[in-house]
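Please read the structure below before turning to the comments.
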Amino acid sequence: MGLFDRLIRRRAKGGPALDPTFGDPELALLIERGAAGDWPGVRAVLEQARDQADLVTMVDLVSDLSGTQVWLAQAVEQHPEDDLALLVAGARQLVWGWEARSNAQAKYVGADQWKVFGERLERAEEQLFEVAERQPDWLGPWYFLQITGRGVSVPKEAAARRFEAAVRRHPHHAASHRQRLQQLCAKWGGSHEEMHAFARASMLAAPEGSPLGELVAYAHIEHWLALDRGEDSRYMCSPAVARSLHEAAERSIWHPDAVRGRTWAGAHNTFAMAFSLCGERQAAHRVFTELDGRVTKSPWGYLGDPVTVYTRRRDAAA
């Protein structure tokens, strides 16, 4: 039984499932081939990408698979002219670097971890910049360079240029906007004011029905996470935050023009968590119902095991 079949069966039994494929059988096939170290098979699926944004989604999935750096390095060595192989290898070096660093606060990261982290991110940057030079129209290198840039602490102006390079190639690419939002968080040297302003401006600049309304919800979650206990709930449960979340949902996931692409469940999970934290149970219940057990790692991972947290919040909203 394949990954897609297992996830569908679990949801059919009423159990939420962490689904990196977003319920898409083609993405499930991509993961299974990647887990098997089958570069020709992976490449065949990547070649079916609908557009540059879809290619980024696919590459992101493969790069998150443990151990892929081994056979990806071999693919690059055997096919040095293969830009797709180089892109996926660079993305994997980036993820592999963050694995070495771990999710611990910086003060708890050891010297050896920092060294490996830096070496892997440096290699990722080399590969991604090479792809960007070879394929100037590709979105992928600039999307992943936003993440490496945060890791190696590029100056603010350089970080902004990487985001601008991404959106020149795909103006309303939701994932690139999420990376820019992270860059503007207080924890990465930005501020709550910058973060919220960017989220709202991006939502309003996009066509109604665009998933970019998710940025508003994500900004409130990040703000909530940065506050002390007590202050965080007062902020998140305020009428202003509730109004902001409803406006963003109506302009994005609940708008009649909203299109559910492969990754639609990502924005829905963000709104589900934000409405839940805000105490907007009816709105949260609506989103949970639409999700029907499709759980994403982000943002639930902020609160613990994604499936456990999702289930608890879903049941509370019901």
When every residue in the range 60-89 that is farther than 21 Å from residue 263 by Cβ and among the small types (Gly, Ala, Ser) is compared, the one most open to solvent (accessible area, probe 1.4 Å) is 66
In the range 150-176, which residues are in contact (Cβ under 8 Å) with a residue 12 or more places away in the chain and either open to solvent by 30 Å² or more (accessible area, probe 1.4 Å) or hydroxyl-bearing (Ser, Thr, Tyr) (or both)? 152, 156, 169, 170, 172, 176
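Looking only at the range 30-39, count every residue that is within 20 Å of residue 82 (Cβ to Cβ) and open to solvent by 10 Å² or more (accessible area, probe 1.4 Å) and tell me the total.
Within the range 30-39, the first condition is being within 20 Å of residue 82 (Cβ to Cβ), and the residues that meet it are 30, 33-34, 36-39.
Filter again for open to solvent by 10 Å² or more (accessible area, probe 1.4 Å), leaving 33, 36-39.
Residues that pass the stated criteria total 5.
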Could you go through the range 79-90 and let me know if any residue there is under 20 Å from residue 135 (Cβ atoms), in contact with a Ser or Thr (Cβ under 8 Å, 6 or more places away or on another chain) and either touching a residue at least 60 places away in the same chain (Cβ under 8 Å) or not polar (S, T, N, Q) (or both). yes
Would you kindly identify the helices (runs of 4 or more DSSP H) lying entirely within the range 48-159 that contain at least 2 residues that are within 30 Å of residue 195 (Cβ to Cβ)? 52-63, 83-101, 111-134, 140-151
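When you check residue 42 against the structure, is it under 26 Å from residue 167 (Cβ atoms), touching a helix residue (DSSP H, G or I) at 6+ places or on another chain (Cβ under 6 Å), open to solvent by less than 20 Å² (accessible area, probe 1.4 Å) and part of a helix (DSSP H, G or I), yes or no?
On the way: under 26 Å from residue 167 (Cβ atoms): no; touching a helix residue (DSSP H, G or I) at 6+ places or on another chain (Cβ under 6 Å): yes; open to solvent by less than 20 Å² (accessible area, probe 1.4 Å): yes; part of a helix (DSSP H, G or I): yes.
No, not satisfied.
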Of the conditions (1) closer than 22 Å to residue 145 by Cβ; (2) of a type outside the set (Asp, Glu); (3) assigned to a helix (DSSP H, G or I), the single one that residue 224 does not satisfy is (1)
Within the range 178-203, track down each residue that is open to solvent by 60 Å² or more (accessible area, probe 1.4 Å) and either touching a residue at least 12 places away in the same chain (Cβ under 8 Å) or not in a helix (DSSP H, G or I) (or both). 178, 187, 188, 200
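Go through the range 225-262 and give me each residue that's among the aromatic types (Phe, Trp, Tyr) and open to solvent by 40 Å² or more (accessible area, probe 1.4 Å). If you could, list the steps in order and put the result at the bottom.
Taking the range 225-262 first, the residues among the aromatic types (Phe, Trp, Tyr) are 235, 254.
Scanning the range 225-262 gives a single hit, 235.
The values are calculated or read from the model by the stated rules, or taken from the named source; none is laboratory data. On a predicted model such as this, the values are computed, not experimentally measured, just so you know. Here Cβ is always computed from backbone atoms with ideal geometry, including for glycine, and neighbour counts include all displayed protein chains. All accessible areas refer to the heavy atoms of the entire protein, side chains included, with ligands and DNA or RNA removed. Shrake-Rupley method; radii C 1.70, N 1.55, O 1.52, S 1.80 Å.
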